[in-house]
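The structure appears below as structure tokens.
The values are calculated or read from the model by the stated rules, or taken from the named source; none is laboratory data. Keep in mind it's a predicted model, so treat the numbers as computed, not measured. No Cβ is skipped: glycine too gets one built from the backbone with ideal geometry, and neighbour counts run over all protein chains shown. Heads up: the accessible areas ignore ligands, DNA and RNA and are worked out on the full protein's heavy atoms, side chains in. Shrake-Rupley method; radii C 1.70, N 1.55, O 1.52, S 1.80 Å.
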Amino acid sequence: MKVLVATEKPFAAVAVDGIREVIENAGYELVLLEKYAAKADLLAAVADADALIIRSDKVDAEVLDAAKKLKIVVRAGAGYDNVDLAAATAHGICVENTPGQNSNAVAELVFGMAVMAVRNMFNGTSGTELKDKSLGIHAFGQVGRNVARIAKGFGMKVSALDPYCPDEVMVAAEVAPVHSVEELYKNNKIVSLHIPATDETRKSVGYDLVTLLPKNGVLVNTARKEVIDEEGLRKALRERTDIKYVADIRPDIADELLEEFEGRVFFTPKKMGAQTAEANINAGIAAANQVVAFLRDGIDRFRVNK
Ligand code: 3PG
């Protein structure tokens with residue numbers, strides 16, 4: 001059996017070693033396709049693969065059509081908006097993710113970017129501290145919960161909104177539950193986004209919410225660019241010259257925003273949230289173990305499609 005690891009943005013070498021060990025110990029063959037420049041490379045590599053491990057790599061119907069022997073796709077990470085689930089189901093292919101495995105890495109980056117924002121992008125002028133400031137966590141999943149844990153160390157006041165998470169879970173984490181999105185944005189100096197990109201959330205954060213932020217508010221996005229209404233954000237940044245937007249995902253209009261709002265917006269050049277050795281090892285090896293469990297024993301505990 002062939003297990004293809006296709007990562008346009010590669011795992012750390014130490015994680016690849018760990019994945020190889022799991023796959024080869026199970027008697028399977030590991031094929032590595034890293035930093036591929038064209039979709040054609042993925043289409044060719046996937047043709048005889050029995051299993052596929054990916055990150056944010058796009059697995060659409062064309063890729064699934066080309067993968068004649070494919071039985072399982074594991075997204076080594078949380079968000080699986082890059083996989084065409086309906087097409088996978090139609091092909092009888094199982095799709096899984098590895099929830100929680102890279103969430104601390106993403107949560108730590110939230111604070112890296114939040115500190116940078118409140119210190120005026122390190123431009124030498126006097127900024128502010130995070131201590132005693134209010135933090136609103138928009139979606140209380142695995143990353144949101146790690147953000148709450150770290151925020152305590154900074155001495156922040158933490159609240160969260162998540163219609164899919166019971167209040168008790170937040171209360172147990174000493175986080176104040178919020179039940180309206182408007183309240184979340186209005187009452188928190190820093191709002192950190194952790195919503196997945198779905199039909200429900202696409203372009204859901206724009207002018208109306210961003211302009212609710214209090215004076216000198218900061219919006220931190222380590223989630224997905226798709227959840228932002230970029231034109232609404234641009235309008236909000238124009239009107240509210242005190243607000244900053246820092247993101248781990250370059251917006252489509254990144255260059256325009258950087259030019260117009262210099263010093264108030266920041267984007268990592270490539271999504272860096274999960275790009276640590278630890279997250280790569282955790283998510284990569286979990287993905288490899290899930291592939292083996294599925295191919296060998298039919299276990300599909302982390303299945304996300306029907
Ligand atoms: C995720 O959904 O797990 C994160 O966004 C990380 O994505 P990446 O593996 O492409 O860095």
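Observations, loosely collected:
- Conditions (1) under 16 Å from LEU130 (Cα atoms); (2) open to solvent by 50 Å² or more (accessible area, probe 1.4 Å); number of the one not met by PRO166: (1)
- In segment 267-306, the residues that are polar (S, T, N, Q), touching a strand residue (DSSP E or B) at 6+ places or on another chain (Cβ under 7 Å) and in a loop (DSSP other than H, G, I, E, B): ASN305
- Residue list for segment 169-188, filter: open to solvent by less than 60 Å² (accessible area, probe 1.4 Å) and more than 21 Å from the chain's Cα centre (by Cα): VAL169, ALA173, VAL175, ALA176, PRO177, VAL178, SER180, ASN188
- Every pair of residues 6+ apart whose Cβ atoms lie under 6 Å, when the first sits in segment 88-99 and is within 16 Å of the ligand (Cβ to nearest atom) and part of a loop (DSSP other than H, G, I, E, B) while the second is modelled with pLDDT of 95 or more and open to solvent by less than 10 Å² (accessible area, probe 1.4 Å): THR98/ALA76; THR98/ALA283; THR98/ALA287
- Which listed residue is within 16 Å of the ligand (Cβ to nearest atom) and in contact with a helix residue (DSSP H, G or I) (Cβ under 7 Å, 6 or more places away or on another chain), from ARG224, ARG202, ARG234: ARG202
- Residues that are within 16 Å of the ligand (Cβ to nearest atom) and touching a Gly at 6+ places or on another chain (Cβ under 7 Å) were ranked within segment 100-129; the one that is most open to solvent (accessible area, probe 1.4 Å) is LEU109.
- Among the residues of segment 268-293, the ones that are away from the ligand (no atom under 13 Å from the Cβ), buried (at least 20 other Cβ atoms within 10 Å of the Cβ) and over 17 Å from LEU32 (Cα atoms) come to 1 in all.
- Of everything in segment 207-231 that is of a type outside the set (A, V, I, L, M) and open to solvent by less than 10 Å² (accessible area, probe 1.4 Å), the residue that is farthest from the chain's Cα centre (by Cα) is GLY217.
- Applying the criterion of at least 3 residues that are touching a strand residue (DSSP E or B) at 6+ places or on another chain (Cβ under 8 Å), modelled with pLDDT of 95 or more and under 24 Å from GLY112 (Cβ atoms) to the helices (runs of 4 or more DSSP H) found wholly in segment 180-266 leaves 254-260.
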